[in-house]
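Notes follow the structure.
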Amino acid sequence: MDRQFTRDLDKPRREDAFASVEAVNLLSRAAPCATASLALAVYDRDATMAFAEAVPQRWGGWIESRYDYQITLRVPADALFEVIDALSERGDVLAETLQADDVTAEYFDLESRVRVLEEIVAQLELLLARAKTVEEALKIRVQLDRLRVELEAARAQLRMLAELIDFSTLTLGLSQRGPANALPSSNDPFPWVDGLGVEATEYR
């Protein structure tokens, strides 16, 4: 089941997609795969990107890819909301999305398939050891080799799915917010005074 949540930027953060009860409930199921995206407008993109690149050191996970000012992180699923909140504090949030795919059935199907294949392989290995003739042994060997390949493929799929469950995907995109308003050279709140050559005065 695929569920997608987007944040209404006009609402308080407590009501946004990442804090919604529905989203939290979905991510607390047996086997959800979460994929999130976050778009920020920041004054200093380099500093914010450096902060994002340090996320794996603080919360765990790794950097999956980076291109220019877009980075994709794999973070522990139970730390996803905390990482999003920490990044959101670095600038203005332009957009947020969260998609959670419930893969519980697929995960348990793969687990069951691996278990069955392991049992069959073990039985064939036993039959191979008891084979009376070369012809009988060859027939068993052909089946055994084929099932071993299937078993390794199923194990690889199970490991990949487990990784998707344990580590959520977060894509961060940064855009330039624009330079902060420069402070006037004098303490006077009226910047045009500076052009008159008036000595800086303290304004209270």
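The values are calculated or read from the model by the stated rules, or taken from the named source; none is laboratory data. Quantities reported herein were computed from a predicted structural model and do not represent experimental measurements. Cβ: placed from backbone, ideal geometry, glycine included. Neighbour counts: every protein chain shown. Remember, those area values only see protein heavy atoms, side chains included, never the ligands or the DNA or RNA. Shrake-Rupley method; radii C 1.70, N 1.55, O 1.52, S 1.80 Å.
Yes/no per residue for (1) within 27 Å of residue 123 (Cα to Cα); (2) in contact with a helix residue (DSSP H, G or I) (Cβ under 7 Å, 6 or more places away or on another chain); (3) at pLDDT 90 or above:
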| position | (1), (2), (3) |
| --- | --- |
| 157 | yes, yes, yes |
| 169 | no, no, yes |
| 174 | no, yes, yes |
| 185 | no, yes, no |
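Considering segment 86-131, the residues that are acidic (Asp, Glu) and free of Cβ contacts under 8 Å to residues at least 24 places away in the same chain include one that is nearest to residue 32 (Cα to Cα), namely 109.
With the condition kept exactly as written, say whether any residue in segment 154-162 is touching an Asp or Glu at 6+ places or on another chain (Cβ under 7 Å), under 30 Å from residue 51 (Cα atoms) and among the charged types (D, E, K, R). Within segment 154-162, none of the residues are touching an Asp or Glu at 6+ places or on another chain (Cβ under 7 Å), under 30 Å from residue 51 (Cα atoms) and among the charged types (D, E, K, R). In this structure, residue 135 does not satisfy being of a type in the set (Asp, Glu), modelled with pLDDT of 95 or more and on the phi < 0 side of the Ramachandran plot. Per this entry, residue 66 is counted among residues that are in contact with a helix residue (DSSP H, G or I) (Cβ under 9 Å, 6 or more places away or on another chain), open to solvent by 70 Å² or more (accessible area, probe 1.4 Å) and over 26 Å from residue 158 (Cα atoms). Number of residues in segment 23-53 that are modelled with pLDDT under 90 and among the β-branched types (Val, Ile, Thr) equals 1. Under the condition of being surrounded by 14 or more Cβ atoms within 10 Å (Cβ to Cβ) and among the polar types (S, T, N, Q), the residues counted in segment 105-153 number 1.
Here residue 93 qualifies as surrounded by 17 or more Cβ atoms within 10 Å (Cβ to Cβ) and not acidic (Asp, Glu).
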